[in-house]
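Notes follow once the structure below has been shown.
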Amino acid sequence: MSAPKKNYTVIICSYNKLEHLKITSKRIQDIRPENEIILSDDCSSDNTIEWAKQSKIFSKIYKKEKREPYCLCSIRNEGIKMSTNSHVVFLDADCYIHENYFIGHDEIFNINQNYISVGFTDHFNSDGNKIILEDTRKSYLNGKYFCEISYHDAFGGNIAFPKEVFNKIGLFDENFNGFWGYEDLDMAYRSIKSGFKLFMHIFTLVKHLEHPTSRDFECSNIYGRNYNYFKNKHSL
């Protein structure tokens, strides 16, 4: 736990998650107050921006003015453009971080500055007291603190990149649209092809306080379009 600290820009992506955001952003500030924290908001209508400005937690705030068409990649990219530190962490607004969360990222980046640190996500009920779905990727560790993973296991709601990744391969591909669907895998795939390895550390754990446990949405038309676009883009 003595790894030198990195300078992080934490980009919190949010849409109408004000009550969770109040808890999760304060947690980030309390654990690593020197971080730059950016709120990247997808046109919330629940007074998120008003509260964020008054909270003094956020270094910068971006609000997308028109929700349609919904594109998570676009608000992530706006956050990246506003970031100033050497490493960028993406978190959803309802992700409550482990007390050693940033130490886990520190240890990965101190092994190699250009690794990508992919976090674990356990799904909890809204008050954070009852686990609904545990992250099965923990089994990859097999008793170790960290391990290398493939692009298949990279999810963007809890992941940390060196800024050099975006300088080398560009931002998230905004041709992926709608809710989550393959933009994370695309970024991870492009990163690996450009020489960046993906690692997970046991400490980089979050409680996801409000997340659907059903995967029925995978059959939707939008998800299908994203899947086909990903395959065709990379000739898979």
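The values are calculated or read from the model by the stated rules, or taken from the named source; none is laboratory data. Being a predicted model, the structure only gives us computed values, none of them experimental. Cβ sites come from the backbone with ideal geometry, for glycine too, and all protein chains shown count toward neighbours.
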Checked D153, D122, D135, D127 against criteria (under 25 Å from A93 (Cα atoms) and more than 18 Å from the chain's Cα centre (by Cα)); the one match is D127
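Answer yes if at least one residue in the stretch 44-62 is in a loop (DSSP other than H, G, I, E, B) and over 23 Å from H208 (Cβ atoms), and no otherwise. Quick ask: steps written out before the conclusion?
Filtering the stretch 44-62 for residues in a loop (DSSP other than H, G, I, E, B) gives 44-47, 56-59.
Pick out the ones that are also over 23 Å from H208 (Cβ atoms) and you get 56, 59.
Within the stretch 44-62, one or more residues are in a loop (DSSP other than H, G, I, E, B) and over 23 Å from H208 (Cβ atoms).
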Within the stretch 218-228, restricting to residues that are more than 16 Å from L72 (Cα to Cα) and in a helix (DSSP H, G or I), the one that is modelled with the highest pLDDT is N228
Residue hits (the stretch 14-40; at pLDDT 95 or above, assigned to a strand (DSSP E or B) and not β-branched (V, I, T)) are E36, L39, S40
By residue number, the members of the stretch 139-155 that are closer than 20 Å to D106 by Cβ and either exposed (fewer than 12 other Cβ atoms within 10 Å of the Cβ) or not hydroxyl-bearing (S, T, Y) (or both) are L141, K144, F146, C147, E148, I149, A154
The condition of being more than 21 Å from K163 (Cα to Cα), acidic (D, E) and touching a residue at least 12 places away in the same chain (Cβ under 8 Å) holds, among D30, D94, only for D94
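For residues in the stretch 34-60 being under 19 Å from K163 (Cα atoms) and without any contact (Cβ under 8 Å) to a residue 60 or more places away in the chain, which is surrounded by the most Cβ atoms within 10 Å (Cβ to Cβ)? Step through it out loud before you land on a result.
The initial filter retains those residues of the stretch 34-60 that are under 19 Å from K163 (Cα atoms), namely 34-40, 59-60.
From what's left, without any contact (Cβ under 8 Å) to a residue 60 or more places away in the chain: 34, 36-40, 59-60.
Details: E34: 9, E36: 18, I37: 23, I38: 23, L39: 29, S40: 26, S59: 16, K60: 16.
The extreme case among them is L39.
When the stretch 76-95 is examined, which residues are found to be of a type in the set (V, I, T) and surrounded by fewer than 22 Cβ atoms within 10 Å (Cβ to Cβ)? Steps first, please.
In the first step, residues of the stretch 76-95 are kept if they are of a type in the set (V, I, T); the result is 80, 84, 88-89.
Across the stretch 76-95, the qualifying residues are I80, T84.
Let's see how each residue does on (1) more than 18 Å from N16 (Cα to Cα); (2) of a type in the set (A, V, I, L, M, F, W, C); (3) modelled with pLDDT under 95:
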site: N47; (1), (2), (3): no, no, yes
site: I80; (1), (2), (3): yes, yes, no
site: T84; (1), (2), (3): yes, no, no
site: H87; (1), (2), (3): yes, no, no
site: I97; (1), (2), (3): yes, yes, no
site: F102; (1), (2), (3): yes, yes, no
site: K130; (1), (2), (3): yes, no, yes
site: Y140; (1), (2), (3): yes, no, no
site: F155; (1), (2), (3): yes, yes, yes
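Test T9 against the stated conditions and say whether it is surrounded by fewer than 16 Cβ atoms within 10 Å (Cβ to Cβ), in contact with a strand residue (DSSP E or B) (Cβ under 7 Å, 6 or more places away or on another chain) and farther than 20 Å from G128 by Cβ. Show your work before the answer.
On the way: surrounded by fewer than 16 Cβ atoms within 10 Å (Cβ to Cβ): no; in contact with a strand residue (DSSP E or B) (Cβ under 7 Å, 6 or more places away or on another chain): yes; farther than 20 Å from G128 by Cβ: yes.
Criteria not met by T9.
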